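**Q** For reference, the structure I am asking about is given below.
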Amino acid sequence: MPYSSRRFMYRAYERFIELITKPVSGRLPVLFVVGSQRSGTTLLGLILDSHPDIKMHEEEDSYALLKIKGGQNVKLIEGFKIPVWTSRYRFLKKAFPHSKVVYLRRDLRSIVSSMLRLKSGSLSWVSRYGWREIERSISFVSDLRTRNFFLKTYSACRHKNDEVTAAALCAYLKMYLLEEYFKIGLNVLECWYEDLVIQPENETRHIFEFLGLKWSPEVLHHHEKHEGIAIGGTRKNRPIDVASTMKWQSQLTEIEKKKIDEFDDSCRLGIGECYFSPFRDCCQTTSDAGV
């Protein structure tokens, strides 16, 4: 099936779900963690789950629970980590009008490096999941000029089977969709992964203020409360690691870095005033944190 047909199906399905969905009422506050895959949503979910008043559901459970519109309401706030549903902002708004959203962004180079190196069987993450994630995300970009730019970029890297540019496009799209959340009035807080790991206390205090909860020092010790492997291969007992912010420098080849820079240049020209920088200046963040 050509992408133009699949794009129509994505949008038609979402419109149908929006029409038949009724707002959830009489439940405790709901929190969503969204953003690109490989952006650190698992880490953020584990940190949030370490707070005594938050229950964060595993990603695999989140999608199933949300289809029945809710979980167990065992704590003050119930949270769902749903990076795959980042594009479903209209459904979230309709079904959970009083929800709060923490939208995680991460330096594009780090996300691309992680996407390229994560394997699903014999395939890379991009080959297995990336192309469909791009298609789905493009379908929900409301600005026509921007959507057409993303479509042209998608077609070009699909034709060349360029996984590096595809990974960059996938990650950029997921970060770009934050603008759609603002447009429809979702209660959303933007966070950067780099800020979270370099200055975790400051950033988590900011997050819990947004959630209306008292900050707890327990959230800085998530690795002592969790064990096992999360979806995507993340070790739950791994402490916050500042070094993770710069691993892309040694993991990406010079050719891969050049392709990412070229993609960013094309975004500046193709998106215009809707453009935002997908890079995070870790040196500045580190300086601000006193690290």
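Only the coordinates and a few stated rules stand behind these numbers; no lab work does. Given the structure is predicted, the values throughout are model-derived calculations rather than measurements. Positions of Cβ are generated from backbone atoms using ideal geometry, with glycine treated the same way; all protein chains shown enter the neighbour counts.
**Q** Rounded to two decimals, what ratio of Rg to Rh does the stretch 204-287 give with C-alpha atoms and a Kirkwood Rh?
**A** 1.07
**Q** Next question, about the same structure. May I ask for the net charge around Glu262, where only other residues with Cβ less than 14 Å from the Cβ of Glu262 are counted and Lys, Arg are +1 while Asp, Glu are -1?
**A** Details: positive: Arg109, Lys160, Lys257, Lys258, Lys259, Arg268; negative: Asp162, Glu254, Glu256, Asp261, Asp264, Asp265.
Net of charged neighbours comes to 0.
**Q** Can you tell which of His221, Gln199, Gly270 lies farthest toward the positive end of the dipole of the stretch 27-286, using +1 and -1 charges on the Cβ of basic and acidic side chains (Lys, Arg; Asp, Glu)?
**A** So the residue furthest toward the plus end is Gly270.
**Q** Now for a different question. I want to check the label-to-label distance for Ala243 and Ser127. Put each point 7 Å from Cα in the C-beta direction and report it in nm to one decimal.
**A** With each label point 7 Å from Cα toward Cβ, the separation is 3.0 nm.
**Q** Between Phe182 and Ser142, what length in nm is gained on full extension when 0.36 nm per residue of separation is reduced by their alpha carbon distance? Before the final figure, lay out each step's value.
**A** Working: separation 40, 0.36 × 40 = 14.40 nm, distance 1.22 nm.
Difference between extended and current length: 13.2 nm.
**Q** Please go through the residue pairs Lys119/Lys214; Lys119/Lys152; Lys93/Lys214; Lys119/Lys258; Lys119/Lys259; Lys94/Lys174 and name each one whose alpha carbons sit more than 32 Å apart in this structure.
**A** Violating the 32 Å Cα-Cα cut-off are Lys119/Lys214.
**Q** Computed over the Cα atoms, what is the radius of gyration of the stretch 162-263 divided by 2.2 N^0.38 Å, N being its residue count?
**A** My calculation over the Cα atoms of the stretch 162-263 gives 1.32.
**Q** List the trypsin sites (Lys or Arg not before Pro) within the stretch 119-215 that DSSP assigns to loop and that have no more than 13 neighbouring Cβ atoms inside 10 Å.
**A** Listed in order of number, the matching sites are Lys214.
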